[in-house]
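Engineer: I'd like to ask some things about the structure below.
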Amino acid sequence: MQISTSARSITPSMTIGMDDRARRLRRQGVDIVSFAAGEPDFDTPEVIKRAAAKAIQEGFTKYTSPAGIIELRQAVAARLEAAYGARYAPEEVVITAGGKPALYFALRALCEPGDEVLVPIPAWVSYIEQVKLAGARPVPVPTEAREGFELLPSRVAPLITPRTRALLINSPHNPTGAVYSREALAGLVELSRQREFILLSDEIYESMVYDGAKHHCVPGAWPEARDRVVLLNSMSKTYAMTGWRIGYAAAPAAVAAAITDLQGHLSGNPNSIAQRAALAALEERVDPGEMVAEYDRRRRYIVTRLNALPGIRCGTPRGAFYAFPDITELLGLPGVPKTAAAFSEYLLETAHVAVVPGEAFEAPGFLRFSYATALPRIEEGLDRIARAIADLV
Ligand SMILES: Cc1ncc(COP(=O)(O)O)c(C=O)c1O
């Protein structure tokens, strides 16, 4: 059977690929230390699980509205207002099966074929593929390690054309851990006004900020831009609910309605039981504070250890749960594999450590380490990497 051009144009997710390989090796009895998974290693809080069990017991197991249950849409709207002053009516909130479909449906709702979507690079693996699948054209916007991967308006401005439809913003950022400053975001908001494009603001790592960094919710901090903003978020990271598949989009009513119509035909309502679980997370005000404090400890440790390795330079991430070291110097040393992809392969095969190569994020010469892994395992993984490098140089 012939696979369609559009399906063939997709690059499979390297992060999922690496994680799958690590799992497979584990099943074969190999002791793998994995820094590959982009998900919390903490269990979903009890209060959330209990709400799901109760939903099952009560027979809350049928279709819901394709936009999600009204109680959850209200709770999301209430939380956005309480946390950030972002004002949305429940009708402007659509519950989706995770952050991924929220973004895809938003792109489908807003882009014409050939429209350009600006994507800051390095970029989370699914952005470019989703933009392509939506029939639009991804336009990379460079960000630099020496600038802390800040998305500078001065780098965005020259890339705007009459076909520019949207700019994807992701702060705190995967994979770099950058948290965009208020000043940079204000500049981007102003550009979007002048040049009339949409801001797709993926704020999935909103709760994970360190060293006093502040997360700025775009529609909360710049309410005047609200008509040009689609806010994307998910329960996955903040509430350790990756497998439950609940996310949301908040957008002006017409956009929310279009997203709902797309979802209604494509996947239908998100899981009814998981919606009740997500509602409990918000109503009970589950606090990810302890989880974030533990990420912070690991973050400091991993950055110090990475910087002690030859040829590796790692800036201090201020958000999310990733370290993103530059290994170009190491790759230039005699005897060392020449690309981040080949080096990751070497680490997996010889040291049994899984990391994601920068190529996955359009950033060759870098590696992504998720520190959503217990500290003793991080220690063990870095010891192994140190030995594997010492064997080469
Ligand atoms: C930046 C970013 N956005 C969106 C998602 C999607 O999350 P989910 O679909 O699990 O809610 C992820 C997951 O890794 C992510 O890192």
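The values are calculated or read from the model by the stated rules, or taken from the named source; none is laboratory data. Remember, it's a predicted structure, so these values are computed and weren't measured experimentally. Note that each Cβ is placed from the backbone with ideal geometry, even for glycine, and that neighbours are counted across all protein chains shown. Protein only, heavy atoms only, side chains kept; ligands, DNA and RNA dropped before computing areas. Shrake-Rupley method; radii C 1.70, N 1.55, O 1.52, S 1.80 Å.
Engineer: Within the range 315-323, identify whether any single residue is in contact with a Phe, Trp or Tyr (Cβ under 9 Å, 6 or more places away or on another chain), surrounded by 14 or more Cβ atoms within 10 Å (Cβ to Cβ), within 25 Å of residue 55 (Cα to Cα) and touching a residue at least 40 places away in the same chain (Cβ under 8 Å), and answer yes or no.
Structural biologist: No, the conditions are met nowhere in the range 315-323.
Engineer: If you don't mind, another one. Filter the range 246-265 down to the residues that are more than 15 Å from the ligand (Cβ to nearest atom) and of a type outside the set (Val, Ile, Thr) and list them by number.
Structural biologist: Passing the criteria: 251, 252, 253, 254, 256, 257, 258, 261, 262, 264, 265.
Engineer: Is the range 294-302 home to any residue that is assigned to a loop (DSSP other than H, G, I, E, B), of a type outside the set (A, V, I, L, M) and away from the ligand (no atom under 14 Å from the Cβ)?
Structural biologist: Scanning the range 294-302, I find no residue that is assigned to a loop (DSSP other than H, G, I, E, B), of a type outside the set (A, V, I, L, M) and away from the ligand (no atom under 14 Å from the Cβ), so the answer is no.
Engineer: Determine which member of the set 220, 243 is part of a helix (DSSP H, G or I), within 16 Å of the ligand (Cβ to nearest atom) and open to solvent by 10 Å² or more (accessible area, probe 1.4 Å).
Structural biologist: Result: 243 is the single residue among 220, 243 that is part of a helix (DSSP H, G or I), within 16 Å of the ligand (Cβ to nearest atom) and open to solvent by 10 Å² or more (accessible area, probe 1.4 Å).
Engineer: Kindly list, by first and then second residue, each pair from a residue in the range 13-35 that is part of a loop (DSSP other than H, G, I, E, B) to a residue that is open to solvent by 70 Å² or more (accessible area, probe 1.4 Å), limited to pairs with Cβ atoms under 7 Å and residues at least 6 apart or on different chains.
Structural biologist: Every condition considered, the pairs that remain are 32/26.
Engineer: Can you name every one of the helices (runs of 4 or more DSSP H) wholly within the range 304-393 that holds 2 or more residues which are among the charged types (D, E, K, R)? Walk me through how you get there before you give the answer.
Structural biologist: Values: elements: 328-331, 340-346, 375-392.
Where helices (runs of 4 or more DSSP H) fall fully within the range 304-393 and carry at least 2 residues being among the charged types (D, E, K, R), they are 375-392.
Engineer: Do the conditions hold for residue 169, that is, is it within 16 Å of the ligand (Cβ to nearest atom) and part of a helix (DSSP H, G or I)?
Structural biologist: no
Engineer: Quickly run through the range 36-72 and pick out the residues that are away from the ligand (no atom under 16 Å from the Cβ), open to solvent by less than 70 Å² (accessible area, probe 1.4 Å) and touching a residue at least 24 places away in the same chain (Cβ under 8 Å).
Structural biologist: Passing the criteria: 45, 47, 49, 51, 52, 55, 60, 64, 65, 66, 67, 69.
Engineer: Among 11, 15, which is the only one that is more than 27 Å from residue 295 (Cα to Cα) and either at pLDDT below 95 or open to solvent by 50 Å² or more (accessible area, probe 1.4 Å) (or both)?
Structural biologist: On the way: 15 fails: more than 27 Å from residue 295 (Cα to Cα).
Exactly one residue qualifies, and that residue is 11.
Engineer: Now for a separate question. Regarding residue 161, is this residue within 16 Å of the ligand (Cβ to nearest atom), part of a loop (DSSP other than H, G, I, E, B) and of a type in the set (Val, Ile, Thr)?
Structural biologist: On the way: within 16 Å of the ligand (Cβ to nearest atom): no; part of a loop (DSSP other than H, G, I, E, B): yes; of a type in the set (Val, Ile, Thr): yes.
No; evaluated as a whole, the condition is false for this residue.
Engineer: Next up: Among what's in the range 82-122 and is in a loop (DSSP other than H, G, I, E, B) and near the ligand (Cβ under 9 Å from one of its atoms), pick the residue that is farthest from residue 237 (Cα to Cα).
Structural biologist: In this case the residue turns out to be 97.
Engineer: Here is a follow-up. Within the range 134-153, take every residue that is free of Cβ contacts under 8 Å to residues at least 24 places away in the same chain and outside any strand (DSSP E or B) and give me the one that is most open to solvent (accessible area, probe 1.4 Å).
Structural biologist: Among those residues, the one meeting the criterion is 146.
Engineer: Sticking with this structure for a sec: Only one of (1) of a type in the set (Ser, Thr, Tyr); (2) within 25 Å of residue 260 (Cβ to Cβ); (3) more than 13 Å from the ligand (Cβ to nearest atom) fails for residue 143. Which number is that?
Structural biologist: Answer for residue 143: the failing condition is (2).
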